[in-house]
1. I need to check one value: relative contact order of the chain, counting alpha carbon pairs closer than 8 Å and at least 6 residues apart, in percent.
2. By count of other Cβ within 10 Å, fewest leading, how are F116, F69, F58 ordered?
3. I need the phi-derived Karplus couplings for the stretch 45-56: 6.51 cos²θ - 1.76 cosθ + 1.60, θ = phi - 60°, integer Hz, Gly and Pro marked x.
4. Can you list the lysines whose alpha carbon sits under 16 Å from that of K75, skipping same-chain ones fewer than 8 residues off?
5. How many nm is it between the label spots at D154 and N42, if each spot is 7 Å from the Cα in line with the beta carbon?
6. Please give, to one decimal in nm, the separation of the simple spin-label points placed at Q53 and R23, each 7 Å out from Cα toward the Cβ.
7. If I model a spin label at E104 and N176 as a point 7 Å from the Cα along the Cα→Cβ vector, what separation in nanometres do I get?
8. Would you please give the FRET efficiency between I34 and E183, computed as 1/(1 + (r/R0)^6) with r the Cβ-Cβ distance and R0 = 45 Å, to the nearest 0.05?
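We did not get these values from a lab; they are worked out from the coordinates using the rules stated. Computed from a prediction, not measured in an experiment: that's the story for all the values here. We place every Cβ from the backbone using ideal geometry, glycine too, and count neighbours over all the protein chains shown.
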Amino acid sequence: MTASPQAELWHGTTILAVRKSGRVVIAGDGQVSIGPTIMKGNARKVRPLAGGQVIAGFAGATADAFTLFERLEQKLERFPAQLARACVELAKDWRTDRYLRRLEAMLIVADARDTFVITGAGDVLDPEHSVVAVGSGGNYALAAARALYDVLDDPEQIARRAMDIAADICVYTNRNLTVETLESAR
């Protein structure tokens, strides 16, 4: 069984969120791959939204992610300071809108209080732990970050070291990181 061309687009990113010591950090690598070819090594897959009150990172098709960032920004304008509501509204649209249903990406979004994973299946997941990851190297980064969580206090240091470990294992993950940080309410 061969993978569809769209399935190949899922390769090429690792996004990791770590919430600890009064801060939340989202880190993402910069590699964009189509099949076995690296198309770009310095993509910016993590960015601030809502005037810097929210940070978000995406895994999946780049053009799809930009569409989702734009839609999430609109939801955040409609529901200011209500990240959960904005995420649920985006997920509803994503699942029911004919155009959006075809988008292939996953988002990790965080504000001062909450972190969520949003999927095209209509899921808005509130992670059980203070660490969450998505993308082709997501499980490697997640495992590394969880192992480092009790050893290191700085969430950015945890994220950077975990992403470095993921880059050693996942050929679709590089070390050209974008890291965004917010002060946390916890």
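1. Details: 428 pairs, mean separation 61.7, N = 186.
Averaging sequence separation for qualifying contacts and normalising by length gives 33 percent for the chain.
2. Values: F116 24, F69 18, F58 27.
Starting with the residue having the fewest Cβ neighbours, the order is F69, F116, F58.
3. 9, 10, 8, x, 10, 6, x, x, 7, 9, 10, 9
4. Within reach: K92.
5. In this crude spin-label approximation the distance works out to 2.4 nm.
6. 2.3
7. Going by the 7 Å Cα→Cβ label model, 2.2 nm.
8. Working: r = 37 Å, r/R0 = 0.83.
Once the sixth-power term is evaluated, E becomes 0.75.
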